[in-house]
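The values are calculated or read from the model by the stated rules, or taken from the named source; none is laboratory data. Treat the numbers as computed from the prediction; the structure is a model and nothing was measured. So basically every Cβ, Gly included, is an ideal-geometry build from the backbone, and we count neighbours across all protein chains shown.
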Amino acid sequence: MSIDERFTFAIDVVTEAGVPFKVRAIPAGSPAMPLHEDTRFGVVMFYDRRSYADTDNGQRVRSYRLDTLMNPPVTGGLDLHIGSHDWAIDAQTMIVINRWLENLRPYLTGA
């Protein structure tokens, strides 16, 4: 098990368009935090799980600070990459992701 797996949480979802995504949540202060992210905040990363070989997770599409997605929660869809209709999370899938993140909030924020 890599350090990446030990210090993160992940969920696999499939959008209404049939695109599989891995959503990774990295707690604030985690050693698995990417270097370009602020370690004071939890980060949520979205990966396209189709046949991309960029990483074990799939092709990284976008990352958001946890507080950006949760305060207030994103209730509609989430466009991960403007101009690419495949890289969007529909409203129903976002509800699932929000519930998952809400349950993890104490682990992600240290609160």
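Here are the numbers for the structure shown:
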quantity	calculated
Residues located in segment 44-74, provided they are under 10 Å from the mean Cα position of the chain (by Cα) and either assigned to a helix (DSSP H, G or I) or farther than 20 Å from residue 90 by Cα (or both)	66, 69
Any hit, segment 78-88, residues being touching a residue at least 60 places away in the same chain (Cβ under 8 Å) and either in contact with a helix residue (DSSP H, G or I) (Cβ under 7 Å, 6 or more places away or on another chain) or among the aromatic types (Phe, Trp, Tyr) (or both)	yes
Single condition residue 108 does not satisfy, out of (1) in contact with a helix residue (DSSP H, G or I) (Cβ under 6 Å, 6 or more places away or on another chain); (2) in a loop (DSSP other than H, G, I, E, B)	(2)
Members of segment 15-42 that are closer than 18 Å to residue 100 by Cα, more than 13 Å from the chain's Cα centre (by Cα) and of a type in the set (A, V, I, L, M)	28
Flag for residue 18 being assigned to a loop (DSSP other than H, G, I, E, B), on the phi > 0 side of the Ramachandran plot, without any contact (Cβ under 8 Å) to a residue 12 or more places away in the chain and surrounded by fewer than 19 Cβ atoms within 10 Å (Cβ to Cβ)	yes
Residue among 40, 49, 65 that alone is at pLDDT 80 or above, basic (Lys, Arg) and exposed (fewer than 13 other Cβ atoms within 10 Å of the Cβ)	40
Checklist (1) surrounded by 14 or more Cβ atoms within 10 Å (Cβ to Cβ); (2) farther than 28 Å from residue 35 by Cβ applied to residue 58, failing item	(2)
